[in-house]
Amino acid sequence: ARGSTAAVWRTRGCPDRCDFCEVVQIWPRCVRRSDERTLDELMEAQEEGYPVAFLVDDNAAANKPAFKEFLRGVIRRGYARMLVTQLRADSVLKADGRIDRELLRLLKKAAMVTVICVGVESADDTDLETVGKQIDSKRAARALRAMRRAGLLVHGMFIALRDDTREVIHRNGVYARRYVTSLQYLFETPLPGTKRTHEHEREGALLFASPEDLELFDGMHAVLEPVRMGPWEMQNLVVREYRRFYSARRIAIAAIKGTFGRFRTLGAAQLAWLAEQQGWRKRMWWRMRFQIEYKYSATSFLAIGRKRLREMVRDPGYQAFLERLRGLGDSEGAPARRRVS
């Protein structure tokens, strides 16, 4: 199990109704199982040697009091490794706009390293309103800043919508570099059954309709006709923001900050884990490993992202895809005029 991630769940479905998201099509209603069953799976994953557990709930804090109780259970049971979960940004804000510091403390104590995956979507308020996100960029920024100040890692997920401008794409990149630890900047992709997909189909916006091109519908390829530029340009603008985010300079800065500015005391779960290890050398090794994981987790995320980006852009298949996009429209910005079938 080493080097892999264990998937566990306690709820499925999401009460939100974002226009682009297929979750409500897969899970029309929210369902929940007992926390004890989820906690058992979490601890089994730890015992089997999984270094990471991913709580795959689509919106783990949809019921915030229940989620807090679950986190208390995680702490009580002694989970000691890395925990990844998905939340709305404003989950860490109270109804009156104040920071929910209790939730932040529980999230930090629940694991040695806690990663929060947040669907930021866009730094443009018009985009957020268009997709029905029910949050504005300033409120999201306040929440994201609070997460990072609490010592949590934030994986920010953004969407390049087909009617985005060059300025919006750039602004999303700047926003990501300011507020999140790692970046996932995906192209809007027509997911089955969503309101946005129905609109794109009516407008004839799909650039690729052949079954052989299904592999392009992974979020990393522009598959919808952009409104304000050519598809080749949009593809390259998004990749440019990826390059800026995962630059060698930002990796070096993260390493320096990790060395001199990122510390934490081991919690009861980590101390209990250490006590179970045989021999003082092994316990010392694990104590050092816990601290290294916490201090350099952000650096590791950036380095992994940079490596994967470089692999993608150097792949011959990706280069062939760019040539196909170049043939669909003027690379200097004119929208595509024909589609590949």
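The values are calculated or read from the model by the stated rules, or taken from the named source; none is laboratory data. On a predicted model such as this, the values are computed, not experimentally measured, just so you know. Cβ coordinates were reconstructed from backbone atoms using ideal geometry, including for glycine residues, and neighbour counts include every protein chain displayed. These area figures cover heavy atoms from the full protein model, side chains too; ligands, DNA and RNA do not enter into them. Shrake-Rupley method; radii C 1.70, N 1.55, O 1.52, S 1.80 Å.
Points worth noting:
- Any hit, segment 155-175, residues being of a type in the set (A, V, I, L, M, F, W, C), open to solvent by 10 Å² or more (accessible area, probe 1.4 Å) and touching a residue at least 60 places away in the same chain (Cβ under 8 Å): yes
- Screening residue 226 with (1) open to solvent by less than 20 Å² (accessible area, probe 1.4 Å); (2) in a helix (DSSP H, G or I); (3) touching an Asp or Glu at 6+ places or on another chain (Cβ under 9 Å) gives one miss only, at (2).
- Test: residue in segment 300-314 that is at pLDDT below 90, of a type outside the set (A, V, I, L, M, F, W, C) and open to solvent by less than 100 Å² (accessible area, probe 1.4 Å): no
- Test result for residue 191, assigned to a loop (DSSP other than H, G, I, E, B), closer than 22 Å to residue 230 by Cα and of a type in the set (A, V, I, L, M): yes
- Test: residue in segment 64-71 that is at pLDDT below 95 and either within 19 Å of residue 132 (Cβ to Cβ) or open to solvent by less than 80 Å² (accessible area, probe 1.4 Å) (or both): no
- When we screen 162, 139 for residues that are farther than 19 Å from residue 182 by Cα and part of a loop (DSSP other than H, G, I, E, B), the only hit is 162.
- Some residue of segment 116-130 being within 27 Å of residue 296 (Cα to Cα) and part of a helix (DSSP H, G or I): no
- Boolean, residue 259 is open to solvent by 20 Å² or more (accessible area, probe 1.4 Å), under 28 Å from residue 115 (Cα atoms), assigned to a loop (DSSP other than H, G, I, E, B) and hydroxyl-bearing (Ser, Thr, Tyr): no
- Single match in 219, 204 (criterion: open to solvent by less than 10 Å² (accessible area, probe 1.4 Å) and farther than 21 Å from residue 126 by Cβ): 219
- Condition broken by residue 323, with the remaining ones in (1) assigned to a helix (DSSP H, G or I); (2) within 25 Å of residue 204 (Cα to Cα); (3) open to solvent by less than 80 Å² (accessible area, probe 1.4 Å) satisfied: (3)
- Checking each residue in segment 86-109 for being closer than 20 Å to residue 298 by Cα and surrounded by 23 or more Cβ atoms within 10 Å (Cβ to Cβ) picks out 87, 89, 107.
- Restricting segment 273-292 to residues that are open to solvent by less than 50 Å² (accessible area, probe 1.4 Å) and within 17 Å of residue 46 (Cα to Cα) leaves a set whose member that is farthest from the chain's Cα centre (by Cα) is 277.
- Residue 54 open to solvent by less than 20 Å² (accessible area, probe 1.4 Å), of a type in the set (Phe, Trp, Tyr) and either in contact with a His (Cβ under 8 Å, 6 or more places away or on another chain) or at pLDDT 90 or above (or both): no
- Subset of segment 277-292 [polar (S, T, N, Q) and either assigned to a helix (DSSP H, G or I) or at pLDDT 90 or above (or both)]: 291
- Checked against (1) over 30 Å from residue 196 (Cα atoms); (2) touching a helix residue (DSSP H, G or I) at 6+ places or on another chain (Cβ under 7 Å); (3) at pLDDT 95 or above; (4) open to solvent by 40 Å² or more (accessible area, probe 1.4 Å), residue 41 passes all but condition (2).
- Checklist (1) out of contact with any strand residue (DSSP E or B) (no Cβ under 7 Å at 6 or more places or on another chain); (2) open to solvent by 50 Å² or more (accessible area, probe 1.4 Å); (3) at pLDDT 95 or above applied to residue 134, failing item: (3)
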